Amino acid sequence: MPAAARIIVNADIPGPTISRHVYGHFAEHLGRCIYGGFWVGEDAETPHVGGIRKDVVDALRELAIPNLRWPGGCFADEYHWRDGVGPREARPRMVNTHWGGVEEDNSFGTHEFMALCELLGAEAYVAGNVGSGSVREMSEWVEYLTRSGSSPMVELRRQNGRDEPWPVRFWGIGNEPWGCGGHMRPEAYADLARQYATFCRDYGDNVLYRVAAGASEDDVAWTEALMRAVAELRTGPFPALPFQAVSVHYYTIGGTWTAKGSATEFDEDDYWRTIRAAQRIEPLLRQHIAVMDRYDPDREVGLVVDEWGTWWDVEPGTNPGFLFQQGTMRDALVASLTFDVFHRLAERVVMANIAQTVNVLQAMLLVDEQTGALVRTPTFHVFEMSTVHHDAVAVPVHVAAPTGERDVDGTAVRTVSASASVRDGRCHVSVSNLSAEPLDVELDLRGSAVRTFSARLLAADAGVAHNTAQRPDAVVPRAVDDALVPTAAGVRLTLPPHAFAVLSAS
Ligand code: AHR
C-alpha cells in the first residue's frame, strides 16, 4: 500500500495575491551565465538576436520570467556601469575578482541587458554599486535608464543609440553589504541605503521600487536595523519611506559551506539533509517577517528573497570560480517546496530571484560546453509548470498525511508539500512527493463547484535523475489526465517517488 495524503483546499477563502515576481530570475557576470550563456556576441555563428542567444531566449520565454536581476551578486559592487555603455571596442576592461579572476570586457552592458529583458518580456531589476561605487554613479544610472526629455545622462543615452527611456522600477541598493559588498555593520549600511535611496529619483511615470540589501539567512538583527531605519524616517519631521523592500538571501546547502556535496552523487541521507535545509526557509522567513511586522504592521515594506536555490560543489573539472553544477530532480523538489512557502507567505514575500538562470548554481538552462547544446534542467520544468500561480490568489491548503514526516538527524522533515491558488475561476494545486515511495494523493477541493480536473506530472525514476545533452528529455513534464480517478470530494492520483504535480480544476 503506498503512503497516502489528503490535500484539502478551500478554494473560496481568498488569501493574498501571489506576485508573479516571486518567480524572478538572476543573471550575474559569473562563470558562463552572461558570457557563453546569454551572450555570444554579434559575430557568433550560434543563432542570436543582436548577440543574445536565440535558443536561450526562446526557452526562457516559456517561463514568463517576470523580472531579471543583474549584474550581480557580488559583481554588482565592483561594476561601474559607465564602462559598459558606448561602442563596445572602446569599453574598458576589468578583472572579475569574485568569480574566477577572469577578464571582463564589458561587452554585455546596460543596453545589452535591457535588450535581453525586452526579448524575455521581463522587467529589469538592477543592482547598484554601493560597495565600490558612489551615490552619484547610481543616481546617474537611474537617470540614464529612466529619464526622458533632456539632461546630461539622457544625452549620453541618445549618443549611445537609445532615444526613449526604459521603464525600470526595481533597483537593488548594493548586494550582501555584510560580506562581499563591503563587510559593513548593519547600522552603517542602513544609513548608506537611506542615502543612496534618496538620490535614486523617480522620473516621470517611472516610480522606483528600491530594495535595501538584506540579511544572510537568519540574521534577523540585520533586518531589524533596516526596519528601524525605515521606521525612524517615517515618523521623523520629514516623513519618507526610504526603500520599499528589504531583501534576504538563503541558499540550500546539503552539506557545509566548505563541503557542499555533489549535485549528482548523493545517497538517501544527503537527499534528506538537503530537503531539511530547503524546508528551513519557511521558519527563517517567518522570523524576518515577525521583525518586519513589529516595525511595519501595515506591511508596506516588502520582503524580497533575491537569491535562493541549491549550491553544490562545482562539477569536476570545471572552474571553481564559475559555480557550474548539474540540476537533478532533487533540485527541482527544492524549488517546488520553496514555491509552496512563497505562496503561503505571499502577503509579505513580494519578489524572489533564483540563483541563477543559465550555467550557474540552480540554473534553468545548461549550455553544454563541448557541443553548445541547450539542456533544460528539472528546475526549469517546475518553473514552467508553476506559471499558473503567477498573480493568482493563494488559497488555504491543509495536508493530512499520516506518514508525512521523517526524522532527519532529530528534525521532523515533511515528506509532502503543497500549495494552491485560484486564477480566472481555475484552481491550481501544486503537490510534491518528496519521498522515495509512491504517494496516493486525494485532492479534496472545497468551496468550488468545478469538477473537471487535469494534471501535469514531473517525475523520474530517482532523485538523482537529470537531463544532459545526450538525454535532454530524461526528466520532462507530461499530462496525466488519464490517471486521475474522480472521487466525491475531488480527484485521486498516485504520484511516483520524487515527483512534482500540478492538479488543475476548471
Ligand atoms: O549567486 C552567487 C553569489 O552568492 C552572489 O554573487 C552573492 O550575492 C552570493 O553570495
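The values are calculated or read from the model by the stated rules, or taken from the named source; none is laboratory data. From a predicted model like this one, the values you see are computed outputs, not experimental measurements. Virtual Cβ from ideal backbone geometry, glycine too; neighbours counted across all protein chains shown.
Brief remarks follow.
- Residue, farthest from the chain's Cα centre (by Cα), within segment 308-329, restricted to residues that are in a strand (DSSP E or B) and within 13 Å of the ligand (Cβ to nearest atom): THR310
Quick grid of which residues meet (1) free of Cβ contacts under 8 Å to residues at least 40 places away in the same chain; (2) more than 16 Å from the ligand (Cβ to nearest atom):
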| residue | (1), (2) |
| --- | --- |
| PRO297 | yes, yes |
| GLY302 | no, yes |
| ASP306 | no, no |
| ASP331 | no, no |
| PHE339 | no, yes |
| LEU361 | no, no |
| GLY372 | no, yes |
| THR379 | no, no |
| ALA394 | no, yes |
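- THR223 falls short on exactly one of the conditions (1) out of contact with any His (no Cβ under 8 Å at 6 or more places or on another chain); (2) buried (at least 24 other Cβ atoms within 10 Å of the Cβ); (3) not in a strand (DSSP E or B), and that condition is (1).
- Hey, SER247 within 16 Å of the ligand (Cβ to nearest atom), under 19 Å from PRO297 (Cα atoms) and either among the polar types (S, T, N, Q) or not assigned by TED's automatic domain parsing to the domain that holds ARG280 (or both) or not: yes
- Restricting GLY41, GLY86, GLY72 to residues that are within 16 Å of the ligand (Cβ to nearest atom), modelled with pLDDT of 95 or more and in a loop (DSSP other than H, G, I, E, B) narrows the list to GLY72.
- Qualifying residue in segment 29-37 (condition: away from the ligand (no atom under 14 Å from the Cβ) and either within 20 Å of ARG376 (Cα to Cα) or among the hydroxyl-bearing types (Ser, Thr, Tyr) (or both)): yes
- Every residue from segment 451-464 that is surrounded by 15 or more Cβ atoms within 10 Å (Cβ to Cβ) and within 16 Å of VAL502 (Cβ to Cβ): PHE453, SER454, ALA455, ARG456, LEU457, LEU458, ALA459
- Residues of segment 1-28 satisfying the condition of being away from the ligand (no atom under 16 Å from the Cβ) and of a type outside the set (A, V, I, L, M): PRO2, ARG6, ASN10, ASP12, PRO14, GLY15, PRO16, THR17, SER19, ARG20, HIS21, TYR23
- Test: SER421 is touching a Cys at 6+ places or on another chain (Cβ under 8 Å), buried (at least 24 other Cβ atoms within 10 Å of the Cβ), not assigned by TED's automatic domain parsing to the domain that holds ALA59 and not hydrophobic (A, V, I, L, M, F, W, C): yes
- Residues of segment 195-233 that turn out to be of a type in the set (S, T, N, Q) and over 24 Å from the mean Cα position of the chain (by Cα), as a count: 2
- Residues being in contact (Cβ under 8 Å) with a residue 60 or more places away in the chain and not in a loop (DSSP other than H, G, I, E, B) - total across segment 450-489: 3
- When VAL413 is tested against (1) out of contact with any Ser or Thr (no Cβ under 8 Å at 6 or more places or on another chain); (2) β-branched (Val, Ile, Thr); (3) at pLDDT 95 or above, exactly one condition is not met: (3).
- Set side by side, the residues GLU217, GLU176 differ, and just one is crowded, with 19+ Cβ neighbours inside 10 Å and within 16 Å of the ligand (Cβ to nearest atom), which is GLU176.
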